[in-house]
Every structure is written in C-alpha cells, then in structure tokens.
1. With the cut-off at 22 Å, report for the stretch 5-257 the share of all Cα pairs above it, as a whole percent.
2. Just rank TRP181, TRP167, TRP213, fewest to most, by other beta-carbon atoms within 10 angstrom.
3. Could you work out the relative contact order of the chain? I mean the mean sequence separation of Cα pairs under 8 Å and 6+ apart, divided by the number of residues, in percent.
4. Step through the residues of the stretch 73-80 one at a time and calculate ³J(HN,Hα) from phi using the Karplus curve (6.51 cos²θ - 1.76 cosθ + 1.60, θ = phi - 60°), rounding each to whole Hz and writing x for Gly and Pro.
5. For each of SER148, SER247, count neighbouring Cβ atoms within 10 Å of the residue's Cβ, then give the residues from fewest to most.
6. Placing +1 on the Cβ of each Lys and Arg and -1 on the Cβ of each Asp and Glu in the stretch 1-138, which of GLY98, MET1, GLY84 has its Cα farthest towards the positive end of the resulting dipole?
7. Holding the Cα-Cα limit at 18 Å, pick out from LYS92/LYS224; LYS32/LYS225; LYS139/LYS225 the pairs that are longer than that.
8. Treating only the Cβ atoms of Lys and Arg (+1) and Asp and Glu (-1) as charged, compute the dipole magnitude of the chain about its Cα centre; round to the nearest 20 debye.
Amino acid sequence: MRITPKQAGQYRRDGFLILENFVSGDACDLLKVRAEELVSQFDPQGLISIFSTREQSRVADDYFLTSGDKIRFFFEEAAFLPDGSLKHAKEKSINKIGHALHELDSVFRDFSRTADIRNLVSDLQISSPLLIQSMYIFKQPNIGGEVSCHQDSTFLYTEPFELVGLWFAIEDATIENGCLWALPGGHMLGLKSRWVRTPQGRMEFQTLQTPDWPENKLRPLEVKKGALVVLHGLLPHKSLANRSATSRHAYTLHVMSGNVRYPSDNWLQRPADMPFGGF
Ligand code: FE2
C-alpha cells in the first residue's frame, strides 16, 4: 500500500491525512486483546497510592518521565474516589499504556513494523526513520478524559521538525466517544511551546511563540476501526472527553527521522543500551 501524490499533497497542505482501512479488523482485534491482557496482568496496588495523593506528585512525575523504555500503565484522572481507591474496575480505569510497547511486546512490535507502515513513512519523506514512542489509549466509557489542544512536537521536539504521529483507530472513533479534532493547515503556524527538562530534573513549558490557534476551526476526525490518521508533529489537535458508554481504543506510534537532532532535555530518553530503533 502506497499513498498517492494527491494524498501526499493533502498531508502537506492540511498537516494530517486519513487512510481508511489501513489495518485489518483482525489486526485491530489482536492488538486490543493483547492490551487487555497486559492490563489484566498488571497489579495496580503500588500505583494507586502514587496517583491518588497530591503529596506524591514527584513520584508520579518520575513514573511518567522514566517510562520511555518501559511498558507502564497510567490511570484516568477521574478514576479515583476521594479516599484514593478506584471508582471502577482496573480494566475501566486505565487511561493508557506507554511508551515502549513497540519494543518490548512482540504483538505490538509486529503491529508497529509492517511493510505498509515502513512504506508510508518513506512516502512521507521521513529519512532513516526511528520509532520513538508508542501508546495504547483506552478513552474509557464515561470517564475517558479530554486531551487539550497541543502539538506533538512540544513533547517530542526535533531539529528540524521531522516527526510524524501515526494514530490507529482500534475501535470506531466518533464525536460521542472522543475522536480526534485537528486544525487543518495548523502545522504551518510554527511551534507554540516546548516541554523541557530543567537542570533540576523537573519539566516545564518553554513558550516559543504564542499564535492563537483558531480552535473554532478544529475539525472532528471521525474514523472507522482500522483507519490510520497521520498527524504532522506541528499539527494542533485535541480530543474531547468520552461521556458515551462505548470505549474508543487507539494505538499511537511516533516516528522521527534519524537525521535530526533529538535534544537531551526532551522528556523521553533512552538508555545507551536501548537506542531508538528503526523498522
Ligand atoms: Fe497528540
């Protein structure tokens, strides 16, 4: 499967591209079953104490910031009762799994390294591509939280900007269950901010410029299971909370060129013995 010159042009113009039926329904099901298996094997007890008390925020931050080479589980913000216990079953409380599924789990590794993806990335002119981050996102029924408007290059900064996000719909994504919204052409507006590691090891936003994003121009990207949404690293996008009774599972993969600078003050770092890998 290769994209057409017209599709490549759409991507350059809009900063995103929807490819329906990019993966089969069976491949989606396989990934979903594997994600659910990982959750069922995960013991949340230690983490519940970390995420349910404000005093522990440093520990919670470290849990996130050291997850670039691991498979870790993150809860929905609305998952907890005031006493710190989970409101719903563990399976209905997880927000996402990240950030090295594509390296450490064979089902995710196979899903992430198909010839179709390799060809697509090549068609998008990402040279010497490296897979840097993966997330399985549950967008749980009723409590799946909103993700406010952002650019992925804020979090995965590269010089120059050669970063692409691949967003696979593992289930149908609708306005009701929290599909993506994107600002067509918004990747031309430049990078608004960077999330950088300070010398003290904490993270802060560094404002680069402050163009107002016309958020009323964001467009919902409703897609069917099996679709792939390609997102330019500079494209402003968001998703709303899921207040519906159906989940909206998605898998995301971020790919950058191996020929760009990836700064050491980006949050996601790999140890020397586990560098970013290609296809
Ligand atoms: Fe994003």
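Nothing in this text is a laboratory measurement; each read-out follows from the coordinates by a stated rule. Because the structure is a prediction, the values reported are computed rather than measured. All Cβ positions, glycine included, derive from the backbone under ideal geometry; neighbour counts span all protein chains shown.
1. In whole percent, the share of Cα-Cα pairs in the stretch 5-257 beyond 22 Å is 56.
2. Fewest-to-most Cβ neighbours within 10 Å comes out as TRP213, TRP181, TRP167.
3. Rounded, it is 29 percent for the chain.
4. Once θ is set to phi - 60°, the couplings for the stretch 73-80 become 10, 10, 8, 5, 4, 8, 7, 9 Hz.
5. Ordered by Cβ neighbours within 10 Å, fewest first: SER148, SER247.
6. Farthest towards the positive end: MET1.
7. Checking Cα-Cα distances, LYS92/LYS224 exceed 18 Å.
8. 440 debye
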